[in-house]
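What follows is a short report on a single structure.
The values are calculated or read from the model by the stated rules, or taken from the named source; none is laboratory data. These numbers were taken from a predicted model, which means no experiment stands behind them. Don't worry about glycine lacking a Cβ; one is built from the backbone with ideal geometry, like all the others, and counts go over all protein chains shown. Protein only, heavy atoms only, side chains kept; ligands, DNA and RNA dropped before computing areas. Shrake-Rupley method; radii C 1.70, N 1.55, O 1.52, S 1.80 Å.
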Amino acid sequence: MGSRNTSVLCLALFLAFSSCIHGLDITSALSKYPEFIKFSKYLTETKLVDQINGQKAVTVLALGDDALASLDGKPQDYIKAVLANHVITNYYDEKLLVAAVGSHEKLATLSSSGIFVNLINDGEVAFAPAEKEQYESKLVRTVDTQPESLSIMEVHQPIFAPSAVANAVAATVSSEGKKVQEAAAGISGGCRVEMGLFGGVVIALVSLFASL
């Protein structure tokens, strides 16, 4: 009897330990939905996937390929700044979102600005950046849920937080400026080396002719 109890306890501990190891896996969850391939790719490229998987509970406001068209060709810092506001650092289903509307609660996201949720038109759920309450990103549907841990919902367009996007653009400009400076320094250094070699050749030739 004691042996059986020990086996049951070991199994329970193993399952609990396995659960802790695996945790959230947003890439795996999104892989079941081909319409979110590009969204998943952007999460990976910007490393937001690591931040998402590190949360105890999270709500992801996913964007389909068509909705991501406005981000095509944008710098990675820009894309990350936008999509960070699509990751709410708590679990919400549609019922909890409606409750948040009533309390006018700001929803914390991976962006420092956060977002608000509201009901517009004929009761449509919509989102807006906290610094600019224009509810332009509407909820399309609930995609997938893992109760109390992961909720994936589709929204019809990106949630743009002006300050976060501006900071991302400034960071990109600064980074590109440094690259230009480094490239210019490299060219200048190369010119000095080439001129030094050329000067050495000229001196050697002058010395040669002088000795004749």
Legend entry - Loop-located trypsin sites (Lys or Arg not before Pro) in the stretch 32-84, at most 15 other Cβ atoms within 10 Å (DSSP): LYS32, LYS47, LYS56
Legend entry - Gain on full stretching of the segment that runs from ILE120 to ASP50 - 0.36 nm per residue minus C-alpha separation: 21.9 nm
Inset, instruction - First compute the accessible area of the stretch 101-151 with a 1.4 Å probe, then give the percent of it belonging to carbon and sulfur atoms. - result: 43
Inset, instruction - Compute the distance in nm between two label points, each set 7 Å from the Cα along the Cα-to-Cβ direction, one at ALA108 and one at SER149. - result: 2.0
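State in Å² the accessible area per residue of the stretch 19-109; use a 1.4 Å probe, count heavy atoms of protein chains only, and round to the nearest integer. Intermediate results must be reported in sequence, preceding the final value.
Details: 4480 Å² over 91 residues.
It amounts to 49 Å² per residue over the stretch 19-109.
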